[in-house]
Amino acid sequence: MTTSSRARQDAPHVVIVGGGFAGLSALAKATKAGLHVTLIDRHPYTTFQPLLYQVATGGLNPGDITYSLRRLASNHGAAFRQGQVSWIDPEAKTVFLDQGDEISYDKLILTAGVGPNYFGVTGAPEHTHSIYTRARALATRDALFSGLEQLTQAGDPERRFTVAVVGGGATGVELAGSLAELKSEALPTIYPELATDNFRVVLIEMSDRLLAPFQYRQRLYTLRQLRKRGVDVRLRTSVAAVSPHHIEFGDGSSLDADVVVWASGVGAHRAVREWGMPLGRGGRIQVDPTLKVIGQDHIYAAGDCCICEDAPLPQLASPAQQMGRHAVDQIVAELRGQIPQRFEYKDKGIMATIGRGAAVVELSGGPTFRGYPAWAAWVGLHLVTLLGGRNRLQTMVNMAFRFFEWPASAATIVGDMVAPTKRSRRTGKPADPAK
């Protein structure tokens, strides 16, 4: 967070689109190299996405995991512009924003990130929640706690509130584990009028495994831990369609669900398709091995929004950060007349948390471990990588309090209540809006 040296007057102007992991790494590298830098993002803040599931389940405030992009850019001696990129003109070297502003560049780095990928599942975009942005995580939180509040008012001991999480990757596992803690440990304290059986958590994965990139023993541990915590894990189960409070599976069966959270995969934002860049799988921008956009001389891309078809990378924070720095290295090399270099990902390992005191960690070329040591490592890494001392301190205090005092002093952060869906008095199920 130290202020970088100011750019030279004759330095090229580098525009970075996107203030996520890749964009911020590129920002730090470019300003240190003495380049003029302008950072553009549709939000005035950056979000630490790995902890958004904590916001969605009421464990953290959104302010704990967000940081001002304007302040961050200023600390590095760069400029910040808030806005949504609507069009890019490579010939004029100009970026157009939705409010009509135009920003010229010498070099452009696209790091727009990704959002949920619904894979063409009918009704999924309209009837599911997601936790890939601050706003979506807050909406998910409000839906969850509104449903529980409405359950306490129903006066029906047989009625269930069901949350279905679609996707068995790290996001789905972490969210399901946090919901399981809420169900089994916090529910009796926060909602004493409810039994734990009134709250049901279902994790749906179309393949035969959770956390596919992990080793077999780690995956088996994850599955056992989730089931031990009361999660109904359904493997080899594909989702065919989603309607309000209802999921239809590929085998013809179905599930009544009050809240459905989509964590089944990510794809490029819809706006990226309007920029005129070549697109590959998932609508991601195609780049060559040096991270230069195919067919472009002055545009690079980094992070989850791009793909090199010959060597696709995992959509994680570490590759995004390394790609952001590499894109700047190539710009500097190009300005010096040097030969561009291929991007080589240095794999540091992977980790995922299942719940309080349980996680899995695999270090690249090193040991694998799980349980409490893995959970402590997960917590420590995420605290260190948070932006801002206040955010780190507040999150550390919150997590420590929850670990040592939970669930005796359980408390959740809630927001506005969502209007309840009308239900049949006879069945307790969502009423047919056509009747």
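The values are calculated or read from the model by the stated rules, or taken from the named source; none is laboratory data. This structure is a prediction, so every number in the text was calculated from the model and none was measured. Note: ideal-geometry Cβ built from the backbone for every residue, glycine included; neighbour counts use all protein chains shown. Ligands, DNA and RNA are stripped out before the accessible areas are found, and what is left, the full protein with its side chains, is counted by its heavy atoms. Shrake-Rupley method; radii C 1.70, N 1.55, O 1.52, S 1.80 Å.
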Dimensionless Rg/Rh of region 101-179 - Kirkwood Rh, Rg from C-alpha atoms: 1.15
By the Cα gyration tensor axes a ≥ b ≥ c (a/c under 1.5 gives rounded; else a/b larger than b/c gives prolate, otherwise oblate), the shape of region 36-181 is prolate
By how many degrees, 0 to 90 and rounded to 10, does the Cα axis of helix 389-405 deviate from the longest principal axis of the chain? 20
Set the Förster radius R0 to 25 Å, insert the Cβ-Cβ distance between Ala271 and Ser74 as r into 1/(1 + (r/R0)^6), and round the FRET efficiency to 0.05. 0.45
Using eta = 0.692 mPa s and T = 37 °C, Stokes-Einstein with Kirkwood Rh from Cα pairs puts D for region 285-377, in µm² s⁻¹, at 220
Taking θ = phi - 60°, what integer Hz values does the Karplus form 6.51 cos²θ - 1.76 cosθ + 1.60 yield along region 204-213, in sequence order, with x for Gly and Pro? 10, 9, 6, 8, 9, 8, 9, 6, 3, x
Table column - 3J(HN,Hα) (Hz), region 127-144, Karplus curve with 6.51, -1.76, 1.60, x for Gly and Pro: 10, 10, 9, 9, 10, 8, 9, 4, 5, 5, 5, 5, 5, 5, 4, 5, 5, 5
What does the convex hull of the Cα atoms of the chain come to per residue, in Å³, rounded to a whole number? 154
Can you give me the long-range amide H partners of Thr237? Hydrogens built in the peptide plane at 1.01 Å from N, cutoff under 5 Å, separation of 5 or more residues or another chain. Glu205, Met206, Ser207
Explain nothing, just compute: Karplus ³J(HN,Hα) = 6.51 cos²θ - 1.76 cosθ + 1.60, θ = phi - 60°, for every residue of region 112-118 in order, whole Hz, x for Gly and Pro. 6, x, 9, x, x, 10, 8
What angle do you read, to the nearest 10 degrees and between 0 and 90, between the alpha-carbon axis of helix 216-228 and the longest principal axis of the chain? 40
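Quick one: of Lys29/Lys107; Lys32/Lys346; Lys292/Lys348, which pairs are farther than 20 Å apart, Cα to Cα?
Listed pairs above 20 Å: Lys32/Lys346; Lys292/Lys348.
Would you work out what percent of the accessible area of the chain, with all protein chains in place, is carbon or sulfur (probe 1.4 Å)?
50
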Which log10 I(q)/I(0) values does region 18-104 give at q = 0.14 Å⁻¹ under the Debye formula, counting every alpha carbon as one identical point scatterer? -0.56
Compute the accessible area per residue over region 266-369, keeping the other protein chains in place, probe 1.4 Å, unit Å². 46
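Kirkwood-based Rg over Rh for region 101-249 (C-alpha set), two decimals? Before the final figure, lay out each step's value.
Details: Rg = 18.2 Å, Rh = 17.3 Å.
Answer for region 101-249: 1.05.
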Of the beta bridges DSSP finds with both residues in the chain, what % are antiparallel, to the nearest 5? 50
Relative frequency of Cα-Cα separations exceeding 15 Å in region 256-297, percent: 54
